[in-house]
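Working notes, structure below.
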Amino acid sequence: MADSNVSRSDWKRQPDDPNPERDLGYEMVDWDVVRARKNGSEHLMFLPADEEMIRGEAFIVVHPDDVVDLEMNL
């Protein structure tokens, strides 16, 4: 098992449905979606709205079939 900074008891104290920002420390950011084609294959590029994050290599390239709109599938 990989080392972790979170103990089992710390993990068990987390709520069943944690708030991503408050409980887990995630920072919510806005992303832009760009459609791109290369050699006949379509891809989606997810780019953070903050250019500094792009310079830090914060981006995602994925095939459209691998993306699920969670708001539409609740």
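Values quoted throughout were computed directly from the atomic coordinates according to the rules given, and no laboratory measurement underlies them. As the structure is a computational prediction, the values presented were derived from the model and not from experiment. For neighbour counting, all protein chains shown are included, and Cβ atoms are generated from backbone atoms with ideal geometry for every residue, glycine included.
Please state the relative contact order of the chain as a whole percent: Cα pairs under 8 Å, 6+ residues apart? List each step's numbers first, then the result.
Details: 60 pairs, mean separation 13.3, N = 74.
Averaging sequence separation for qualifying contacts and normalising by length gives 18 percent for the chain.
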Trypsin sites (Lys or Arg not before Pro), loop per DSSP, at most 11 other Cβ atoms within 10 Å - longest free stretch of the chain | 23-74
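What whole-number value in cubic angstrom gives the convex hull volume per residue for the C-alpha atoms of the chain?
On the way: hull volume 13.6 nm³, N = 74.
So the per-residue Cα hull volume is 183 Å³.
To the nearest 0.05, how large is the calculated FRET efficiency for D23 and D69 if R₀ is 22 Å and r is the Cβ-Cβ distance? Don't skip to the end; give the middle numbers.
On the way: r = 24 Å, r/R0 = 1.09.
Efficiency for this residue pair is about 0.35.
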Report the GluC sites (Glu not before Pro) located in the range 1-66 that are in a DSSP loop and have at most 11 other Cβ atoms inside 10 Å of their Cβ, or state none.
-> E21, E27, E57
